[in-house]
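Please read the structure below before turning to the comments.
Each value in this text was obtained by applying a stated rule to the coordinates, not by laboratory testing. Note that this is a predicted model, so its numbers are computed, not measured. Note that we place each Cβ from the backbone using ideal geometry, even for glycine, and neighbour counts take in every protein chain shown.
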Amino acid sequence: MVISSLIVESHAGRTAEVRSALAGIGGVEVHSVHGNSIVVSIEAASLSISQSISAALVQIPGVAAVQLVYANFEDDPQIQAKLKGAAS
Amino acid sequence: MELTRRNFVKSTAVAMATAAAAGTAVSFAGCSPSSGGTNTGGGGGDSSMVADQTYTAVCRYCGVGCGVLVGVKDGVIISVEGDPENQSNLGALCIKGQSLAQLLYADDRLTVPLIRDDKSTKGTDGGLREATWEEALDLVAEKLKATWQTDKTRMAFWASGQLPITDGYVLAKFWKAGLLSNNIDPNARLCMASAVVAFMNVFSTDEPANCYADIDEADVFITWGANMYEAHPVLYQRLVGRKNTDTNVKHYDLGTIKTRTSEGAKTLIFNPGTDIAIANCICNYLVANQLYDEAFVSDHLKFQTGMTDLGNAFEDGYDGTDVIKNSGTTAESSLEEFASLVAPYTFEYTAELSGVAAADLEELAKLFADKSLKIMSFWTMGVNQHNRGTWMNHCIYNAHLLAGKYAQPGCGAFSLTGQPTACGTAREVGTFSHRLPADLVVANEAHRRYTEAVWDLPEGYLDEIQANGPHTVKIFRDMSSGKYDFFWSTCNNWAVSMPNLTRFLGKGDKKGIIDTFVVVNEVYPTLSCQYADVVLPAAMWVEREGQFGNAERRTSVFEKAVDPPGEAKWDMWIILQVARRVLDGAKIGEEDAFSKLFGFIWEGDDFKADARETCKAVWEEYRIFSNPSMKASVEALNTESKLKMEAKQLAPYDEYLTNHGLLWPVREVDGKWLGTSWRFNAGGPQEAGYDAVGVETYGEAGKAGDLSFYKTAGMKPAVCFRPYEPPALSPDDEYPFWFVTGRLLEQWHTGSNTTRIPDLNNTLPEALLYINDADASALGIASGDNVRVTSQYGTFEIKATTDKRVEPPAGRVFAPFFSTDNLINLAVEDIYCPLSKEPDYKKTPVKIEKA
């Protein structure tokens, strides 16, 4: 799985609304809330799908910004193909 | 991925994000290993579960310059992480950062040199054949050398704010000292030139006095013509974070269209071009009511007036007119005269002119009058890409300086950049047609002598280049008129980014681009490659070592992490391979010219050392410019000519790796190299980020705010009155809409990289024309309809939308410029600011018809 962690920053007063919306998105897990900053992880089969999800987070009403902290994409099919190519 | 490893990676990722959110960013054993390409081992788990090596880097995209840690396994990038030790982003990345690895891995990378044998195939996606490096380099060198020896006014290099610093420095040295030519200019002319000219006019030194950390302390944010949400997302996130920690913090968004940056801000939409009137209105309020900072004005400021009624660059001969030759002339003035000149800009008059309510203007002005408030102004292309862009930069400084709100923690005026090293390379190493490295200019004799001393050239050698070279728009205008034989570019995509492409791509009656021998260094096939005679495949980003300098003066190194594909080579290698061929047989004095200039890094047919050592060697020579004590002859000239070159002092190369970037000027204090967060400010010790060393060395202590503007003549920056003058063109019956262009988050600049990253491209797959609901309805246009946009310059088709991502008011439309399919610059005017020569991409009158 492609695994990434992000901080979703909500506009003031809209954190609960944003958290609720995040919880309803497949592949997204809400881990903690620090003020208006919501810590989430995304698990997806590919980097492309992971990025689709993170891009969609920007569109949630009340979201001010989405910041990526870490992304591990060694299981992404394209990266796997490159790794296999490097090994052969 | 096995479950245990998956759990490990996930828990690691979450812990890192939690620490970042809680403001306690830490490095985690086994997942955020030490940098420098070290083998990480597996501090927190099995060593096979982590990257083999982690490298420090800087994001390849915008001017924020976010630090990145790149994880590599078996020569492939498997992870990216915001670098918590890089103070520009403190571990944060935007969604483009997640895709940085994919930047390298799209299928259509250019991996071998390409040559076009038949010029009639230009402008098509065919006609290029594979070649060896030897053949391609020989051909490029032959054409360049022939032009150089025949008529060197007919050659040009178009450089870039994406070219790493050491490569840019080598390029500038080759072009200015090797070829003795100023026919070189960067793409930063299109985005930053107005900011540069204003910095030099006002402060006699380029780049902001403040830093990103000021966001965390400001009470008020003002964005002037800046869509930070889309174009500088990590800084916008920091701004929102500041607002969220204190509900008293205010944000005013001033622009000609409503954007996502407007959300949560008080949005003041003004009529195009009237931002100058608004800034003058603020100044009028301050001086008319004696609400300016008297001590600041008395200690630090002088007043000037400038030339007015400058007209606009409709004709190619505009620069040669007397009005424009004298356009930068200023006269000494006074506070009283300044007050009389801004007096007409009352709230009522400015409201009528700008469309912003008088009460809102008054509210804005009162913020500047409130001495307790810390105000941060940010601006980007709305201010710089402006037919009076330099003037508008001046006007923002006027307001901040009169209010005493500059160069202090949480308080200042900050010009943002759009490229990762527009500051570090385009501006700092001398790739502009009028510049030498480190803010020096070709027209200044003392500056030429200083540069000759650093480069060990005979005295007077650079006198041949004392006249400024052509700026970017002039190069393209002249090329389209058949006045160029050789044109070379790297790290840019001019066939998409230039305005008035109808003319410059030869689609009108001009065909210069077809006849000119065009060389393009590129990583992917772009539209510019379709006009190239030779395409040279370049290594990109972490396929080579390099350095970027971002908008807050932070210089950072990105390490080589993986190998480039195929036969791709780094730009410095390509430039020097051509240089050694072109300069073959040329002499400087009695010495071989190439060896004289580049013998310290090059021997035979390749570099003397590896990339790290080569970069270090180049850096150490470049560093002499800002560390004159490194060379006795240079130090003597610095003293004799009072150049104060340490104002841009840079540190030894390794310090940038150790510190994950440093803000210049960097000072050596007790054996440690310390950056400067607030230039000209001696309000605290150097260790805390103040410019203590600079002020002590060159400035005056005890002045208002503990500031001393030691680079400026008399230590007094000028408040220069600049009047409102209307846009070059305004809508009329034939072309009734203002057309505004810009950028959106997922697609960066001309899209040559981001369109190849599936998700970014899927999220924003095509450029759309954003149009007001009422205007769309009146034109019978529904969202999704194809429309034709036409100006007096050209025409293009695009799909219209009434989506609210961008909300133009009635009579204005917006589109991003990334799409080759909807080449919007076919219709954009090539009118430019008379002082900076930067084009105005924001105010082209157009008509819109259903296609």
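Okay, here's what the table says:
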{"read-out": "Rounded to whole Hz, the Karplus (6.51, -1.76, 1.60) HN-Hα couplings of region B:720-728, x for glycine and proline", "value": "10, 5, 10, x, 5, 10, x, x, 4"}
{"read-out": "Pairwise label distance in nanometres, B:Glu315 with B:Glu332, each label 7 Å out on the Cα-Cβ vector", "value": "3.6"}
{"read-out": "Rel. contact order, % - alpha carbon contacts under 8 angstrom, at least six apart, region B:737-850", "value": "38"}
{"read-out": "Average partner coverage of B:261-272, which counts Cβ from other chains inside 10 Å", "value": "1"}
{"read-out": "Positive dipole terminus of region B:193-416, leading residue within B:Pro344, B:Leu301, B:Asn384 (C-beta point charges)", "value": "B:Asn384"}
{"read-out": "Per-residue Cβ neighbour rank within 10 angstrom, fewest leading, A:Val30, A:Val40", "value": "A:Val30, A:Val40"}
{"read-out": "Residue-averaged [θ]222 nm for chain A, counting only DSSP H segments that reach four residues, each worth -39500 (n - 2.57)", "value": "-10500 deg cm²/dmol"}
{"read-out": "Ellipticity estimate at 222 nm from DSSP helix runs (n ≥ 4, -39,500 (n - 2.57)) divided over chain B, nearest 500", "value": "-8000 deg cm²/dmol"}
{"read-out": "Label-to-label distance, nm, for residues given as B:Asp125 and B:Glu620 (7 Å Cα→Cβ offset)", "value": "4.9"}
{"read-out": "Loop sites in region B:240-327: GluC sites (Glu not before Pro), DSSP, at most 14 other Cβ within 10 Å", "value": "B:Glu315"}
{"read-out": "Long-range amide H partners of B:Ser783 with built H, under 5 Å", "value": "B:Thr802"}
{"read-out": "Centroid-to-centroid separation of region B:741-802 and region B:544-574 [C-alpha atoms, Å]", "value": "32"}
{"read-out": "At most 15 other Cβ within 10 Å, DSSP loop - GluC sites (Glu not before Pro), region B:446-504", "value": "B:Glu459"}
{"read-out": "Long-range amide H partners of B:Glu522 with built H, under 5 Å", "value": "B:Leu536, B:Ala538"}
{"read-out": "For B:99-107, mean number of other protein chain Cβ atoms within 10 Å", "value": "4"}
{"read-out": "Loop-located GluC sites (Glu not before Pro) in region B:663-759, at most 16 other Cβ atoms within 10 Å (DSSP)", "value": "B:Glu700, B:Glu734"}
{"read-out": "Rounded to the nearest 20 debye, dipole of region B:193-416 from Cβ charges on Lys, Arg, Asp, Glu", "value": "600"}
{"read-out": "Taking B:Met572, A:Met1, B:Met540 and counting other C-beta atoms within 10 Å, the order from fewest to most", "value": "A:Met1, B:Met540, B:Met572"}
{"read-out": "Charge dipole of chain B about the Cα centre (unit charges at C-beta), most positive-ward option of B:Gln747, B:Trp602, B:Ile781", "value": "B:Ile781"}
{"read-out": "Partner chain coverage, peptide A:54-60 - average Cβ within 10 angstrom", "value": "4"}
{"read-out": "Assigned charges on the beta-carbon of Lys, Arg, Asp, Glu; region A:2-87 dipole about Cα centre (debye)", "value": "100"}
{"read-out": "Per-pair calculated FRET efficiency, R0 = 51 Å: B:Glu363 and B:Ala146 via Cβ, rounded to 0.05", "value": "0.20"}
{"read-out": "Reach of B:Lys73 by Cα under 20 Å, taken over lysines that are not fewer than 8 positions away in the same chain", "value": "A:Lys82, A:Lys84, B:Lys10, B:Lys560"}
{"read-out": "Whole-number percent relative contact order across chain B, with pairs defined as alpha carbons under 8 Å at least 6 apart", "value": "18"}
{"read-out": "About the Cα centre, charge dipole magnitude for the protein assembly as shown (Lys/Arg +1, Asp/Glu -1 at Cβ), debye", "value": "620"}
{"read-out": "Relative exposure of B:Phe598, B:Phe347, judged by other C-beta atoms within 10 Å (fewest first)", "value": "B:Phe347, B:Phe598"}
